[in-house]
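One structure is given below, encoded as structure tokens.
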Amino acid sequence: MRKVSANISIDPKLKEESTMLLAKFGLDFSTAITLFLQQTVREKRIPFEIRLEIPNEETKEALAEFPDMKANKEKYKRHKSFKEVLKEID
């Protein structure tokens, strides 16, 4: 089968790390990309789950604070509308 070249731009560190990992599977970078594209076409979808990152530390702290906020509403400022919040932070 005739092949064509495709240029992609990626972070150098990502290419280095992925190339080293792929080598452990016996794959080179080009073969791995080809496998990904073949699977995408075959399944008519991205062949893996894409999701948001696990919450960062600030988000984890905010989520952990929620039970206290719910139990002790008087300790926390309340707003009547989102517009009111925006005025306060402006």
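The values are calculated or read from the model by the stated rules, or taken from the named source; none is laboratory data. Predicted model only: the values in this text are computed from it and were never measured. So basically every Cβ, Gly included, is an ideal-geometry build from the backbone, and we count neighbours across all protein chains shown.
A few comments on the model shown:
- Scanning region 7-39 for residues that are of a type in the set (G, A, S) and either surrounded by 10 or more Cβ atoms within 10 Å (Cβ to Cβ) or touching a residue at least 24 places away in the same chain (Cβ under 8 Å) (or both) yields S18, A23, S30, A32.
- Among residues of region 67-90 that are assigned to a loop (DSSP other than H, G, I, E, B), those with a beta-carbon under 7 Å from a residue that is not polar (S, T, N, Q) at least six positions away or on a different chain give the pairs Y76/M69; H79/V85.
- So F48, is it under 30 Å from K15 (Cα atoms) and either of a type in the set (K, R) or part of a loop (DSSP other than H, G, I, E, B) (or both): yes
- R42 meets the conditions (1) exposed (fewer than 10 other Cβ atoms within 10 Å of the Cβ); (2) in a loop (DSSP other than H, G, I, E, B) in every case but one. The failed one is (2).
- Among (1) modelled with pLDDT of 95 or more; (2) surrounded by 10 or more Cβ atoms within 10 Å (Cβ to Cβ); (3) not hydroxyl-bearing (S, T, Y), the one test that A62 misses: (1)
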